[in-house]
Amino acid sequence: MKVLLVGGGGREAAIAASLKKSAHVDTLYCAPGNAGIASCAECVPIGVMEFDRLIAFAKEKAIDLAVCSQDDPLCAGIVDAFEGAGIPMFGTRKNAAIIEGSKAFSKDLMKKYGIPTAAYEIFTDAEKAEDYLKTMASFPIVLKASGLALGKGVLICRNLEEALAGVQEIMLDRKFGAAGTQLVIEEFMTGREVSALAFCDGKTYKLMSSSQDHKRIGDGDTGLNTGGMGTFSPSPFYTKEIDQICRETIYQKTLDAMAAEGRPFTGVLYFGLMLTKDGPKVVEYNTRFGDPETQVVLPRMKTDLVEVMQACMNGTLDQIQLEFEDNAAVCVVLASGGYPEHYEKGKVITGLEHFEGRDDIFCFHAGTKFDENGNIVTNGGRVLDIVAKAKDLKSARAKAYEAAACVHFDGAYMRHDIGRALDEI
């Protein structure tokens with residue numbers, strides 16, 4: 001098969017590596033890709049929102065399967081556009097991608113179908129949101145821009161002053177653009193967070209191995225929210241008992257709810273869970289592989305990725321036996337100094353040869369490019385995802401940090417406590 005992967009981040013680097021391993025893939029293209037993806041795919045300089053150019057390229061190269069797992073193009077209808085042009089694409093159609101594209105929609109869906117989540121209110125008027133915070137709210141409290149905000153449109157506010165500043169930031173200053181047109185104000189939940197990704201064909205789901213993301217920029221979960229600074233998989237806190245509850249109260253109910261709404265969900269559905277004292281609850285849905293969760297989940301998957309994707313598209317997922325290695329993986333993100341706010345690009349990266357020929361450590365490029373001299377340089381906030389596999393989580397964590405120490409670029413920053421919670425078990 002000839003396959004076209006749309007995207008160019010660390011998640012796509014992990015997907016590209018799995019696609020390249022598939023027995024069904026002869027040729028792999030990636031648009032736009034990055035300097036790391038270029039080692040396993042032919043990168044094409046077309047942006048993820050340039051649907052017409054992507055479709056024209058796919059027709060020119062007689063692409064058999066296209067793959068997209070990025071929120072913006074999915075919510076804008078890239079799958080519908082490709083299917084309309086007669087090109088099969090793995091991903092979520094626009095009318096179902098709203099489950100991520102609008103937090104207001106997803107919260108109302110959960111309320112309507114009895115899926116456990118935090119109590120909430122939705123506002124389109126900043127003054128009314130402020131009045132609610134002054135008269136009805138208890139703190140801490142969570143403010144969420146309803147639309148897409150690159151995983152950053154969530155503010156945890158400890159008091160009224162912070163919450164009012166948050167309303168100003170999201171709704172009036174529009175720090176997250178049009179995502180702040182609607183504001184979701186939500187009760188603050190406490191507990192372990194777990195990410196659960198599932199392949200879906202509209203009626204059936206197959207759960208991947210659990211994982212846990214670390215969103216805050218600083219050690220000890222301090223500082224600003226980011227797209228994710230590291231992950232581990234599986235989560236030891238996601239027990240068989242928790243899994244059973246989620247299967248009974250969340251996973252299938254969500255799939256059935258979307259079908260009942262005339263929005264059958266095909267692709268990857270990401271369940272962001274909070275394991276509260278009252279049981280697991282949904283923090284958020286994403287309509288795609290998580291980033292950087294994918295980087296610790298797919299390297300452990302034994303089943304051929306293309307076969308799973310085709311089953312999702314054909315409605316035959318119930319016939320797939322999804323298998324994962326009996327081991328663990330940890331990902332440490334190397335970011336540009338100053339991320340998630342202001343940072344410089346173009347810093348030369350060294351030490352990448354350390355990963356060549358290895359099947360237990362990986363360096364998935366998230367924000368890199370080639371400069372005019374052929375050097376691989378930084379080209380984003382999150383630059384590299386250093387992943388290690390080992391027999392258990394603690395061994396994988398030690399190996400990941402050891403590998404991360406081999407890579408260098410000016411201003412490189414990482415958290416030093418990814419998986420610290422594992423010390424408690």
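The values are calculated or read from the model by the stated rules, or taken from the named source; none is laboratory data. Computed from a predicted structure; not experimentally measured. Note that we place each Cβ from the backbone using ideal geometry, even for glycine, and neighbour counts take in every protein chain shown. These area figures cover heavy atoms from the full protein model, side chains too; ligands, DNA and RNA do not enter into them. Shrake-Rupley method; radii C 1.70, N 1.55, O 1.52, S 1.80 Å.
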### Summary
Among 362, 274, 126, the residue whose Cα sits farthest towards the positive end of the charge dipole of the chain (+1 at Cβ of Lys and Arg, -1 at Cβ of Asp and Glu, taken about the Cα centre) is 274
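Work out, in µm²/s and without decimals, the Stokes-Einstein translational diffusion coefficient of the stretch 39-178 at 4 °C, 1.567 mPa s, Rh from Kirkwood over C-alpha pairs. Spell out each step's value before the answer.
Values: Rh = 17.6 Å.
Value of D from the Cα-based Kirkwood radius: 74 µm²/s.
Counting heavy atoms of the protein chains only and a 1.4 Å probe, report the per residue accessible area for the stretch 249-291 as a whole number of Å². Spell out each step's value before the answer.
On the way: 1250 Å² over 43 residues.
Per residue, the stretch 249-291 has 29 Å² of solvent-accessible surface.
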### Message
Taking amide H atoms as placed 1.01 Å from N in the peptide plane, list the residues 5 or more away in sequence, or in a different chain, whose amide H sits under 5 Å from that of residue 43.
### Response
30
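Given a 1.4 angstrom probe, what's the average accessible area per residue across the stretch 73-152, in square angstrom?
Numbers: 3290 Å² over 80 residues.
That works out to 41 Å² for each residue.
For a Förster distance of 51 Å, can you work out the FRET efficiency between the beta-carbons of residue 158 and residue 307, rounded to the nearest 0.05? Working shown, then result.
Values: r = 48 Å, r/R0 = 0.94.
Calculated value: 0.60.
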## Note on the structure
For residue 2, the lysines lying under 17 Å Cα to Cα, once residues fewer than eight places off in the same chain are dropped, come out as 20, 21, 59, 61
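What's the ranking of 285-295, 130-140 by average number of surrounding C-beta atoms within 10 Å, highest first? Spell out each step's value before the answer.
Working: 285-295: 27.0, 130-140: 13.3.
Those peptides, ordered most packed to least, come out 285-295, 130-140.
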### Task
Mind scanning 240/391; 107/394; 215/394; 94/253 and naming the pairs with a C-alpha gap bigger than 24 Å?
107/394
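Can you tell me the FRET efficiency between residue 259 and residue 420 if r is taken as the Cβ-Cβ distance and R0 is 30 Å, rounded to the nearest 0.05?
Working: r = 40 Å, r/R0 = 1.33.
Calculated transfer efficiency: 0.15.
Rank these residues by their accessible area, most exposed first, probe 1.4 Å: 46, 156. Intermediate results must be reported in sequence, preceding the final value.
Details: 46 10, 156 70 Å².
Final ranking, largest accessible area leading: 156, 46.
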### HN-Hα J in Hz across the stretch 379-392 - Karplus 6.51, -1.76, 1.60, θ = phi - 60°, x for Gly and Pro
8, x, x, 8, 9, 9, 10, 8, 10, 10, 10, 7, 5, 9
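Ranked highest first by the average count of other Cβ atoms within 10 Å around their residues, in what order do 179-190, 3-14 fall? Show your work: numbers first, answer last.
On the way: 179-190: 19.2, 3-14: 27.9.
Per-residue Cβ counts within 10 Å, averaged per peptide and sorted highest first, yield 3-14, 179-190.
Could you grab the relative contact order for the chain? Cα pairs under 8 Å, six or more apart, rounded to a whole percent. Walk me through the numbers before you get to the answer.
Details: 989 pairs, mean separation 69.1, N = 425.
Across the chain, relative contact order equals 16 percent.
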### Message
Per residue of the stretch 230-242, what does 6.51 cos²θ - 1.76 cosθ + 1.60 with θ = phi - 60° give for ³J(HN,Hα)? Whole Hz please, x for Gly and Pro, Karplus curve as stated.
### Response
x, 8, 9, 8, x, 8, x, 7, 8, 7, 4, 5, 4
### Query
Can you list, bin by bin at 10 Å, the percent of alpha carbon pairs in the stretch 268-395, starting at 0?
11, 28, 34, 21, 5, 0
### Message
In whole percent, and with a 1.4 Å probe on the protein chains, what portion of the accessible area of the stretch 237-310 is carbon and sulfur?
### Response
48
### Summary
Amide H proximity to residue 202 below 5 Å, modelled H, separation 5+ or other chain, gives 265, 267
### Summary
In the stretch 138-204 the accessible area split gives carbon plus sulfur, as whole percent at 1.4 Å, a share of 53
### Rounded percent of accessible protein surface that carbon and sulfur make up, the stretch 1-103, 1.4 Å probe
50
### Message
Which one, 270, 339, 251, has the greatest fluctuation when you compute a Gaussian network model over the chain with C-alpha springs under 10 angstrom?
### Response
339
## Note on the structure
HN-Hα couplings for the stretch 103-109 via Karplus (6.51, -1.76, 1.60; θ = phi - 60°), in whole Hz with x for Gly/Pro, come out as 5, 4, 4, 5, 5, 5, 4
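Could you work out how much longer the chain between residue 113 and residue 341 gets when fully extended? Use 0.36 nm per residue separation minus the Cα distance between them, nm to one decimal.
Working: separation 228, 0.36 × 228 = 82.08 nm, distance 3.82 nm.
Working it through step by step, the gained length comes to 78.3 nm.
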### Query
Got a sec? Which residues in the stretch 146-179 would a label at residue 125 touch, if it sits 7 Å along Cα→Cβ and we count backbone N under 20 Å?
146, 164-174
### Query
Taking H as built 1.01 Å from N, whose amide H comes closer than 5 Å to the amide H of residue 66, not counting residues under 5 places away?
4, 89, 90
### Task
Straight distance only, please: which aspartates and glutamates reach the Cα of residue 302 with their own Cα at less than 14 Å, same-chain residues fewer than 8 apart left out?
323, 325, 326, 359
## Note on the structure
Along the dipole axis of the chain (charges at Cβ: +1 for Lys and Arg, -1 for Asp and Glu; origin at the Cα centre), the most positive-end residue among 148, 249, 306 is 249
### Query
Are any of the pairs 152/399; 112/277; 103/206; 144/347 more than 27 Å apart by Cα-Cα distance, and if so, which?
152/399; 144/347
### Task
Calculate the length of the line joining the C-alpha centroid of the stretch 1-64 to that of the stretch 154-172, in whole Å.
39
